1. Please list, in order along region 115-122, the HN-Hα scalar couplings obtained from phi with the Karplus expression 6.51 cos²θ - 1.76 cosθ + 1.60 (θ = phi - 60°), rounded to whole Hz, x for Gly and Pro.
2. Tell me the relative contact order for region 78-124 as a rounded percent, counting alpha carbon contacts under 8 Å between residues six or more apart.
3. Using only helices, what value at 222 nm comes out for the chain when you add -39,500 (n - 2.57) per DSSP H run of length 4 or more and divide by the total residues, to the nearest 500 deg cm²/dmol?
4. Report Rg(Cα)/(2.2 N^0.38 Å) for region 117-163, keeping two decimals.
5. Taking N as the number of residues in region 65-216, what value does Rg over Cα atoms divided by 2.2 N^0.38 Å take?
6. What is the local net charge at residue 149, summed over the other residues whose Cβ is closer than 10 Å to its Cβ (Lys, Arg +1; Asp, Glu -1)?
7. Quick one: which residues, 5 or more positions from residue 126 or on another chain, have an amide H under 5 Å from its amide H? H modelled 1.01 Å from N in the peptide plane, none for Pro or chain starts.
8. Tally Lys/Arg at +1 and Asp/Glu at -1 over every other residue whose Cβ is under 9 Å from the Cβ of residue 44; what's the total?
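Derivation of every value follows stated rules applied to the coordinates shown; laboratory data play no part. Just so we're clear, the structure is a prediction, and the values are computed from it rather than from any experiment. Ideal geometry is used to build each Cβ from the backbone, glycine not excepted, and the neighbour counts take in all protein chains shown.
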Amino acid sequence: MSQLLKVQNFTVSRDGFGAGDGQSLETPFGHADPMTMMSWAGATASWPNRTDSGGSRGLDDYLTRDFAHNIGAEIMGANKFSPHRGPWEDHSWLGWWGDEPPFHTPVFVLTHHLRPSFSLSDTTFHFIDDDPATALEKAQAAAGGMDVRLGGGATTVREFLDAGLVDTLHVAVADDVELGSGARLWESPDELLDRYHCDVVPSPSSNVTHHLFWRR
């Protein structure tokens with residue numbers, strides 16, 4: 001079976017934004033609150049940062065647990081890695097995630113401003129200035145036969161969708177969050193129905209609706 005390019009657990013507001021305006025060191029999601037946006041996953045038993053034995057089960061938990069299944073590499077946009085704009089003045093910034101990033105794979109960061117690769121624990125970040133198809137080829141080669149996750153943000157996901165490269169897409173729509181502006185994935189999920197089948201499943205345990213797309 002061929003390697004898949006997968007978008008997993010990507011959460012948007014009910015008006016289609018994956019992040020708000022004004023990203024900074026203190027506000028990685030701009031004026032959006034990531035704790036509210038991702039509360040559906042944070043409440044599950046499989047949330048990786050959970051410190052107690054509680055948490056919900058069911059569909060939300062399954063999707064949270066499935067996040068790393070058969071993933072051998074990730075592709076992300078520059079703004080998911082960093083709030084910096086323009087050329088790197090120094091290389092002290094190593095991402096939002098501390099010494100133990102949650103990826104555990106090679107990560108390919110799409111940027112016009114290159115810097116040397118580096119490793120933190122079992123994650124290695126590579127910085128590439130490539131079109132989506134070339135970036136995917138590099139990630140697939142590094143994934144060792146496993147699938148590749150397209151991690152975001154919304155602009156990057158849309159570029160790969162428009163290039164016809166995404167095989168499966170899971171978008172969780174936070175029904176009680178409206179942002180009004182920011183990085184938009186879509187105005188309506190119906191925009192993808194000419195290319196994808198879609199199942200729409202309201203969560204039984206949180207205020208999100210899961211949209212599960214796969215190629216026609």
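1. Per residue, the Karplus-derived 3J(HN,Hα) values read 8, x, 5, 8, 10, 10, 6, 9 Hz.
2. Here the relative contact order equals 43 percent.
3. Numbers: 6 runs with 39 residues, N = 216.
Computed ellipticity for the chain at 222 nm equals -4500 deg cm²/dmol.
4. Details: Rg = 11.5 Å, N = 47, 2.2 N^0.38 = 9.5 Å.
So the Cα radius of gyration is 1.21 times the expected 2.2 N^0.38 Å.
5. 1.10
6. Summing Lys and Arg as +1 and Asp and Glu as -1 gives -1.
7. Under 5 Å from the amide H of residue 126: 107, 108, 109.
8. That sum, taken over residues with Cβ under 9 Å, equals +1.
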